[in-house]
Amino acid sequence: LLSIWPWTLYFFVRSIETRRIFHASFCGVLAGFALLSKYYGAILIATCFFAALTHHSRKDYFRSAAPYVATACAFFVFLPHLLWLVKDGFQPFFYLADRIDRADRAIANQYFEFIFGNLAFFILPGALLLFARWKSGTEAERPDLGRVHGISFVNVLAFAPFVLTLVAGTVGHTALGIPFAVSILALVPPLMISVINPSLKISVKYARFLVGIVVAACLAVSAFLPYFYLRFDEPHY
């Protein structure tokens, strides 16, 4: 979902803008791929629906063919898998049943980990943007992500997946893993850039340097991780 999620959002936004069949088709196909990757892709589809309801052109959008073409494309991409589910007795749902209805204490612990773990994703990027602003000032014109579509639309696309995940976890009484959110917060960094408004050229320069350090450190540490996991008997390794 790392690549599918943001590209689906891109073609969804383009379909809102243009209401062209081309963009709607790509949005639907990618949404279908998201569902095939993980049933969690339903959160992505729900996010697009709720975002469309907040858009100032929602009446024109729902009167056009775009949302229905996207829905049909997603359905036909998912249809072979749906037929397999019926034929094979819905086996993935038995797997899902084993992962829900956990003990309250386990659910509560996972919720705190999920919320604060996702906040931790943005400590380093936030520090980098603040440092770039401190060193080199701001852009002459602050990026305004809500100028075209409205800030409510952008906020729903950025944050609704996180909120809907918490809601789904509550309803399903299931533990939430931090890796679930790796793909769903793709629009938070642009919002951070819009709020902090650092020099973009300098931010990119620092980001490249920081990514290089992180990648080098990961490569250096990775050689020792298998020994560490085996030595301390970490589960699932």
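The values are calculated or read from the model by the stated rules, or taken from the named source; none is laboratory data. What you see is a predicted model; the values in this text were computed from it and never measured. All Cβ positions, even for glycine, are placed from backbone atoms using ideal geometry, and neighbour counts span all protein chains on display. Each accessible area value is taken on the protein alone, full model and side chains, heavy atoms only, with ligands, DNA and RNA left out. Shrake-Rupley method; radii C 1.70, N 1.55, O 1.52, S 1.80 Å.
The table for this structure:
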item: Additional length obtainable on full extension of the chain from residue 108 to residue 122, 0.36 nm per residue less Cα span; result: 2.8 nm
item: Heavy-atom accessible area per residue - region 1-132, 1.4 Å, Å²; result: 60
item: Per-peptide average of other Cβ atoms within 10 Å, ordering 167-175, 142-150 highest first; result: 167-175, 142-150
item: Virtual paramagnetic centre 7 Å along Cα→Cβ of residue 97, amide N under 20 Å, in region 40-78; result: 40
item: Rounded FRET efficiency, nearest 0.05, which uses the C-beta distance separating residue 210 from residue 50 and R0 of 35 Å; result: 0.55
item: Label of the coordinate-derived value, P(r) over Cα pairs in 5 Å bins from 0, in percent, listed as [x] 1, 6, 13, 16, 18, 15, 12, 8, 5, 3, 2, 1, 0, 0; [y] 1, 5, 9, 10, 9, 7, 7, 7, 7, 6, 5, 5, 4, 3, 3, 2, 2, 2, 2, 1, 1, 1, 0, 0, 0, 0; [z] 1, 6, 10, 13, 15, 15, 14, 12, 8, 4, 2, 0, 0; result: [z]
item: Estimated [θ] at 222 nm from DSSP helical runs (n ≥ 4, -39500 (n - 2.57)) normalised by residues in the chain, nearest 500; result: -23500 deg cm²/dmol
item: Sorted peptide list for 202-208, 224-230, 23-29, 50-56, criterion being average Cβ within 10 angstrom, highest first; result: 23-29, 50-56, 202-208, 224-230
item: The chain, accessible surface, carbon-and-sulfur percent (1.4 angstrom probe); result: 69
item: Ranked packing of 79-87, 36-44, most packed first, by mean Cβ within 10 Å; result: 36-44, 79-87
